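J.: Starting off with a structure, shown below.
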Amino acid sequence: MSSANETPPAEGAATPAATASHDTGTPQALLDFMLQGWAPRTGDGWEPVKHAAAHRARRAALSARFPGETLLIPTGQEKVRANDTHYRFRPSSDFYWLTGCHEADNVLALVPDGAGHRSVLFAEPTGRDSARFFTDRHKGELWVGARLGLEGSRQRFCVDECRSLADLDRFLAGLGDARRVLRGLDARLDTLDASPADAEFATWLSEARLVKDAGEINELRISIDATKRGFDDVIRNLRTSPTERWVEGIFGLRARVDGNDVGYGTIAACGAHACTLHWTRNDGAMRPDELLLLDAGVEGHHLYTADITRTLPVGGRFSAPQRRIYELVWRAQQAAFATIRPGAQFLDPNKAAMDVLAQGLYDLGILKVEPAEALREDRLLHKRWTLHNVSHMLGIDVHDCAKARAESYKFGKVEAGMVFTVEPGLYFQPDDLTVPEEYRGIGVRIEDDIVVTADGYENLSAHVPSSADDVEAWIAELWK
């Protein structure tokens, strides 16, 4: 990384510039020279962000729900990775859902105004009237790139007003008690006194995102299509990939080329590593006689993420024991799909899948008691090998709408426009003596992304092959 000379900015800068321990000073002659000779910026002509009308409508719904209260939604701040380097920034989901803005540190405030609210976005100014643009390695435009500034942000995100982040502390100090804050994202806002109203606010935002509009579903389709291309890339290189990390890297390249990033840490689990549900170390070897459980999703440019899992025979064909387990999981998924329709319980797919898995485990001689007995709420013995339920909401977050109430989500009914995963799995640990030796070390999960329709469901990832025969044919086709 560059280690150009820099110092804190000249007198009058709003906040100190970020410097590094290896930096040296900026002579006054250089300061004077750098502050002149730049072409003016036009200051207009920024096109509204894609889906601007939807963002505006969401702000209006939020305003109507909490009349007369100031509402504060931060995007979050960059997180330190090590010393003075940061992780790549990704905006908070609720903030993005309301604005379409990707910039760090910004805060959206809905300020009471008559019968509604005025939308005020606190953002970083632009311009070269301060030395920060070339001395501040954290915010300076010559270090991190040009930004929209206040007028550009106002036009692009279609808010009523943009103010400088330097004014945020003064604004917060003048707030009354009628306010709600989305917490845990911005240290400046978290210093405000908390109240139960804040939790209610977070819950409302989560529940408002449960049903996706047409634009959101289209963004999910885009991310799912990119994810399919990422799986294709992995399969083309399957025979020559020496390690799980190689697989992770191949998929990650697709995610960065076709989207914003991966939607979550890629799980590239070969052999017994597939029995660790969230195996993201990805440091194992790839072996042709084993299965690769690839759980991965591209997060699109508008932050909606896919979440797809396929379990692939590294050598191109399933062994007989591998196929037996794979087909059992696939049948469980098909049974889960059959329950999905408006008005069904969110947990119905899980119940259907578990019925199939428990019966299959019993037929294989692994489950020693009758399935009905094992499935009793006070026993759940099948979960030794299934471990997890089969569905979670999907959208801007991979585990979307997480602050929704249980009665609206886990124990609620599904509606048209809801998007969730269906992902049964079986995991036989290599040291599990309750399992016949031929199955030990096998982990299988199959996961698809489902949208509820007016009369049933659509599998948005149906074009990613999933049956055992289709997976083998997919691999063979890409290896030609």
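The values are calculated or read from the model by the stated rules, or taken from the named source; none is laboratory data. Since this is a predicted model, take the numbers as computed values, not measurements. Cβ sites come from the backbone with ideal geometry, for glycine too, and all protein chains shown count toward neighbours. We work out accessible area using only protein heavy atoms, side chains counted, and drop any ligands, DNA or RNA first. Shrake-Rupley method; radii C 1.70, N 1.55, O 1.52, S 1.80 Å.
J.: Taking into account only those residues within segment 67-108 that are among the hydroxyl-bearing types (Ser, Thr, Tyr) and part of a loop (DSSP other than H, G, I, E, B), which is nearest to residue 211 (Cα to Cα)?
T.: Within segment 67-108, the subset among the hydroxyl-bearing types (Ser, Thr, Tyr) is 70, 75, 85, 87, 92-93, 96, 99.
Still in the running and part of a loop (DSSP other than H, G, I, E, B): 75, 87, 92.
Values: 75: 22, 87: 31, 92: 19 Å.
Selected residue: 92.
J.: Condition first: open to solvent by 30 Å² or more (accessible area, probe 1.4 Å), farther than 18 Å from residue 414 by Cβ and of a type outside the set (Val, Ile, Thr). Now tell me which residues in segment 335-360 satisfy that.
T.: Within segment 335-360, 355, 359 meet the criteria.
J.: A follow-up question, please. Take the residues in segment 83-102 that are within 15 Å of residue 52 (Cβ to Cβ) and in contact with a helix residue (DSSP H, G or I) (Cβ under 8 Å, 6 or more places away or on another chain); name whichever of them is most open to solvent (accessible area, probe 1.4 Å).
T.: It comes out as 102.
J.: Let me ask another. Can you tell me which residues in segment 109-122 are in a strand (DSSP E or B) and not basic (Lys, Arg)?
T.: 109, 110, 111, 112, 113, 116, 117, 119, 120, 121, 122
J.: Sticking with this structure for a sec: In segment 287-327, what residues are in a loop (DSSP other than H, G, I, E, B) and farther than 24 Å from residue 226 by Cβ?
T.: 287, 288, 289, 290, 315, 316, 317, 318, 319
J.: Still on this structure, please answer the following. Tally up the residues in segment 162-182 that are open to solvent by 50 Å² or more (accessible area, probe 1.4 Å) and either β-branched (Val, Ile, Thr) or closer than 22 Å to residue 52 by Cβ (or both), please.
T.: 1
J.: Looking only at segment 177-208, which residues are among the acidic types (Asp, Glu) and free of Cβ contacts under 8 Å to residues at least 24 places away in the same chain?
T.: 177, 190, 193, 198, 200
J.: Among the numbered conditions (1) among the small types (Gly, Ala, Ser); (2) free of Cβ contacts under 8 Å to residues at least 60 places away in the same chain; (3) farther than 25 Å from residue 222 by Cβ, tell me where residue 462 comes up short.
T.: (3)
J.: Keeping to segment 143-185, report how many residues are modelled with pLDDT of 95 or more, closer than 25 Å to residue 57 by Cα and charged (D, E, K, R).
T.: 8
J.: Can I ask one more? Residue 202: buried (at least 19 other Cβ atoms within 10 Å of the Cβ) and assigned to a helix (DSSP H, G or I), yes or no?
T.: Yes, satisfied.
J.: Can I ask one more? Quick one: which of 397, 449 is under 24 Å from residue 215 (Cβ atoms) and in contact with a strand residue (DSSP E or B) (Cβ under 7 Å, 6 or more places away or on another chain)?
T.: 449
J.: Right, here's the next one. For segment 383-459, which strands (runs of 3 or more DSSP E) that fit wholly inside it have 1 or more residues that are open to solvent by 30 Å² or more (accessible area, probe 1.4 Å) and hydroxyl-bearing (Ser, Thr, Tyr)?
T.: Answer list for segment 383-459: 448-453, 456-459.
J.: Same structure again: Conditions: (1) assigned to a loop (DSSP other than H, G, I, E, B); (2) closer than 14 Å to residue 444 by Cβ; (3) touching a His at 6+ places or on another chain (Cβ under 9 Å). Residue 367 meets all but one. Number of the miss?
T.: Of (1) assigned to a loop (DSSP other than H, G, I, E, B); (2) closer than 14 Å to residue 444 by Cβ; (3) touching a His at 6+ places or on another chain (Cβ under 9 Å), only one is false for residue 367: (2).
J.: Going residue by residue through segment 289-300, is there one that turns out to be surrounded by fewer than 18 Cβ atoms within 10 Å (Cβ to Cβ), of a type outside the set (D, E, K, R) and modelled with pLDDT of 95 or more?
T.: No, every residue in segment 289-300 fails to be surrounded by fewer than 18 Cβ atoms within 10 Å (Cβ to Cβ), of a type outside the set (D, E, K, R) and modelled with pLDDT of 95 or more.
J.: Another question, then. Collect the residues in segment 460-480 that are part of a loop (DSSP other than H, G, I, E, B) and not aliphatic (A, V, I, L, M), keeping them in residue-number order.
T.: Selection gives 461, 463, 465, 466, 467, 479, 480.
J.: Let me ask something else about it. For residue 150, which of the numbered conditions (1) in contact with a strand residue (DSSP E or B) (Cβ under 9 Å, 6 or more places away or on another chain); (2) open to solvent by 40 Å² or more (accessible area, probe 1.4 Å); (3) in a loop (DSSP other than H, G, I, E, B) fails to hold?
T.: Result: residue 150 passes all but (3).
J.: Among the residues that make up segment 42-64, is at least one of them modelled with pLDDT of 85 or more, in a loop (DSSP other than H, G, I, E, B) and either open to solvent by less than 40 Å² (accessible area, probe 1.4 Å) or within 29 Å of residue 195 (Cα to Cα) (or both)?
T.: First, the residues of segment 42-64 that are modelled with pLDDT of 85 or more: 46-64.
From what's left, in a loop (DSSP other than H, G, I, E, B): 46-51.
Okay, now just the ones that are also either open to solvent by less than 40 Å² (accessible area, probe 1.4 Å) or within 29 Å of residue 195 (Cα to Cα) (or both), so 49.
Yes, there is a match, as at least one residue in segment 42-64 is modelled with pLDDT of 85 or more, in a loop (DSSP other than H, G, I, E, B) and either open to solvent by less than 40 Å² (accessible area, probe 1.4 Å) or within 29 Å of residue 195 (Cα to Cα) (or both).
J.: If residue 33 meets every condition in (1) surrounded by 11 or more Cβ atoms within 10 Å (Cβ to Cβ); (2) within 20 Å of residue 142 (Cβ to Cβ) apart from one, which number is that one?
T.: Condition not satisfied by residue 33: (1).
J.: A further question follows. Quick check: anything in segment 275-285 farther than 20 Å from residue 420 by Cα, open to solvent by less than 10 Å² (accessible area, probe 1.4 Å) and of a type in the set (S, T, N, Q)?
T.: Looking through segment 275-285, at least one residue is farther than 20 Å from residue 420 by Cα, open to solvent by less than 10 Å² (accessible area, probe 1.4 Å) and of a type in the set (S, T, N, Q).
J.: Okay, moving on. Among the candidates 380, 387, 394, single out the residue that is free of Cβ contacts under 8 Å to residues at least 12 places away in the same chain, within 22 Å of residue 446 (Cβ to Cβ) and under 32 Å from the mean Cα position of the chain (by Cα).
T.: 380
J.: Quickly run through segment 230-250 and pick out the residues that are in a helix (DSSP H, G or I), without any contact (Cβ under 8 Å) to a residue 60 or more places away in the chain and not small (Gly, Ala, Ser).
T.: Passing the criteria: 233, 240, 244, 245, 246, 247, 248, 250.
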